[in-house]
1. Go through the stretch 151-170 and count every residue that is surrounded by fewer than 16 Cβ atoms within 10 Å (Cβ to Cβ) and in contact (Cβ under 8 Å) with a residue 40 or more places away in the chain.
2. Failed condition for residue 185, given (1) within 30 Å of residue 56 (Cα to Cα); (2) in contact (Cβ under 8 Å) with a residue 40 or more places away in the chain; (3) not small (Gly, Ala, Ser), with all others met?
3. One residue is enough: does the stretch 120-131 have a residue meeting the conditions buried (at least 19 other Cβ atoms within 10 Å of the Cβ) and closer than 16 Å to residue 60 by Cα?
4. Looking at the stretch 52-86 only, could you name the residues that are outside any strand (DSSP E or B), under 25 Å from residue 122 (Cα atoms) and among the acidic types (Asp, Glu)?
5. State whether one or more residues within the stretch 187-199 are of a type in the set (Lys, Arg) and either in contact with a Ser or Thr (Cβ under 8 Å, 6 or more places away or on another chain) or not in a loop (DSSP other than H, G, I, E, B) (or both).
6. Restricting to the stretch 79-108, name every residue that is closer than 23 Å to residue 211 by Cβ, crowded, with 24+ Cβ neighbours inside 10 Å and either modelled with pLDDT of 90 or more or of a type in the set (Lys, Arg) (or both).
7. Suppose we keep only residues that are within 22 Å of residue 118 (Cα to Cα) and not in a loop (DSSP other than H, G, I, E, B) within the stretch 214-229. Which one would you say is modelled with the lowest pLDDT?
8. Looking at the stretch 87-103 only, could you name the residues that are among the hydroxyl-bearing types (Ser, Thr, Tyr) and outside any strand (DSSP E or B)?
Amino acid sequence: MASSSSSSSSSLLPSFLCTQCALKSPRPSSLRASATPTHKARFVARRKESLSVRQLQRPLIEYMRLPASQYSVLDAERIERVNDDTFRCYVYRIKFFAFEVCPVLLVKVEEQPDGCCIKLLSCKLEGSPIVAAQNDKFDAIMVNRISCDSNSDKSLVQKLTSDTIIEVSIEIPFAFQAIPKQAIESAGTQVLEQILRIMLPRFMTQLVKDYQAWATGDTSRQPLGTGEI
């Protein structure tokens, strides 16, 4: 993951990244939206993104093993540090039917031997009154596992991987209950997939640039994003 001075913080996202609340234990990783109890819809999306990274003076695995307190804010317009391992992420506005939704995520970073795991703690939906009214009517899970190939740390080129899954279960508002649940689930899943398709490559590119700055001794480690998609 990205790293920086103690005043910096991490992203993910992206990465991360999109319509979630209350972290729970992962459910089965079916990638198709499927039926849940009456008047509830379930959206699930998963994406894996990998980049080949040329190692510089300092190995990639050392960068990936940095403590969360040294993570960099890859995009200062979208990410803010809450404490050493917890970050608040402002996701881009999402169009869902006639509504615009802006999720605000609280995520926690768990350090791992070959990288880190970003998990959703909570999510607040911002938008119109009908959007805000859904805040107590949905549950969500997001996990973004970021790793490098620690078995080939002597290789000049290594693979950096981000593997993200998002699952949302939401009570269908009365105004939408005339719409077939399958159509709602299909639309919701497509929204999540589009978010991952746009944001993960961007996140990975910023991560590689931050590694390059760290590996060459750049202590400024300024945020790389500007808040634009």
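1. Within the stretch 151-170, residues that are surrounded by fewer than 16 Cβ atoms within 10 Å (Cβ to Cβ) and in contact (Cβ under 8 Å) with a residue 40 or more places away in the chain number 5.
2. Single failed check for residue 185: (1).
3. No, the stretch 120-131 contains no residue that is buried (at least 19 other Cβ atoms within 10 Å of the Cβ) and closer than 16 Å to residue 60 by Cα.
4. Those that are outside any strand (DSSP E or B), under 25 Å from residue 122 (Cα atoms) and among the acidic types (Asp, Glu): 77, 84, 85.
5. yes
6. If the condition is that a residue be closer than 23 Å to residue 211 by Cβ, crowded, with 24+ Cβ neighbours inside 10 Å and either modelled with pLDDT of 90 or more or of a type in the set (Lys, Arg) (or both), then 87, 107 are the ones that fit.
7. Only one residue fits best here, namely 225.
8. 92
The values are calculated or read from the model by the stated rules, or taken from the named source; none is laboratory data. What you see is a predicted model, and the numbers here were worked out from it, not measured in a lab. All Cβ positions, glycine included, derive from the backbone under ideal geometry; neighbour counts span all protein chains shown.
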